[in-house]
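The values are calculated or read from the model by the stated rules, or taken from the named source; none is laboratory data. Here the structure is a predicted model, which means the values were calculated and not measured. We place every Cβ from the backbone using ideal geometry, glycine too, and count neighbours over all the protein chains shown. What goes into the accessible areas is simple: the full protein's heavy atoms, side chains included, and nothing from ligands, DNA or RNA. Shrake-Rupley method; radii C 1.70, N 1.55, O 1.52, S 1.80 Å.
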Amino acid sequence: MTGATATEAVRELLLARIRDVPDYPKPGVVFKDITPLLADPVAFTALTGLFADQCVRYGATKVVGLEARGFILAAPVSVRAGLGFVPVRKAGKLPGATLGQAYELEYGTAEVEIHAEDLSADDRVMVIDDVLATGGTAHASLELIRRAGAQVAGVSVLMELGFLAGRARLETALAGAPLEAVITL
């Protein structure tokens, strides 16, 4: 398989390994559980390969993973692509000097942090996460990357929940960098 056929086959494989959990974490929500995908070495390897190819295509020098499932996806991508991995953590989880960025939630605010010295002006950073929903965490991470002096190479997610308009929220912050979703729901 080559080209679009291979990509569509991979999408179908990945989608088949994502389990819907109704009414979790609260009634009316359908949680997208990626643990069956992670447990399947063929599916997990295929996803890692897609993300690593995107890193190479967009000239990334570092990979940022967003807490917590983004860590699981981004770390093997960085190894496969031969790039450094930098975690974006919830506030208060990293020792030493950090840069923090607050962002709005549906009910309140949250903050994420990055080690100040992990990125430099020479870095082009690919942000990887499992889900793009409202875009709050991704937007905050883009701000952190730029505040650290680095450039954004792009954002790659396993799933985009299109009905929550996260892509629209990120348009300005992406400043022309690509946003790729393997699966759009």
Worksheet entry | Members of LYS62/LYS90; LYS26/LYS93; LYS32/LYS93 lying beyond 23 Å, as alpha-carbon distances in this model show | LYS26/LYS93; LYS32/LYS93
Fill in: GluC sites (Glu not before Pro) lying in DSSP loop within segment 102-147, provided at most 11 other Cβ fall within 10 Å
GLU106
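Taking only protein heavy atoms and a 1.4 Å probe, what accessible area per residue, in Å², does the chain have with all protein chains in place?
Values: 8990 Å² over 185 residues.
Result: 49 Å² per residue.
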Worksheet item: In terms of the Cα gyration tensor, with a ≥ b ≥ c the square roots of its eigenvalues, is segment 1-108 rounded because a/c is under 1.5, prolate because a/b exceeds b/c, or oblate?
Response: oblate
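In segment 1-96, carbon and sulfur make up what percent of the accessible area (probe 1.4 Å)? Each step should come with its number before you reach the end.
Working: 3120 of 5170 Å².
Carbon and sulfur atoms account for 60 percent of the accessible area of segment 1-96.
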Response to the item:
With label points set 7 Å from each Cα along the Cα-to-Cβ direction at ASP40 and ARG57, the distance between them in nm comes to 2.2
Practice prompt. Grab the beta carbon distance between ARG146 and THR7, set R0 = 25 Å, and tell me the FRET efficiency rounded to 0.05.
Written response: 0.25
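Within segment 24-115, report the trypsin sites (Lys or Arg not before Pro) that DSSP leaves as loop and that have at most 15 other Cβ atoms within 10 Å.
Passing both the DSSP loop test and the Cβ count: LYS93.
What is the calculated FRET efficiency for VAL21 to ALA75, with r their C-beta to C-beta distance and R₀ = 25 Å, to the nearest 0.05? Display every interim value, and only then the final one.
On the way: r = 24 Å, r/R0 = 0.97.
Efficiency computed from Cβ-Cβ geometry: 0.55.
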Discussion item. Skipping prolines and chain starts, which residues have an amide H placed within reach, meaning under 5 Å, of the one on ASP123, given they are 5 or more residues away or on another chain?
Written reply: GLN151
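How much length, in nm to one decimal, is gained on full extension between ALA110 and LEU164, taken as 0.36 nm per residue of separation minus their Cα-Cα distance? Each step should come with its number before you reach the end.
Values: separation 54, 0.36 × 54 = 19.44 nm, distance 1.84 nm.
Taking ALA110 through LEU164 to full extension adds about 17.6 nm, to one decimal.
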Worksheet item: How compact and how long is the chain, expressed as Rg and Dmax of its alpha-carbon atoms in Å?
Response: 15.9, 48
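At 222 nm, what value in deg cm²/dmol follows for the chain if DSSP H runs of at least 4 each add -39500 (n - 2.57) and the sum is divided by all its residues, to the nearest 500? The partial results should precede the final answer.
Details: 6 runs with 70 residues, N = 185.
That comes out to -11500 deg cm²/dmol.
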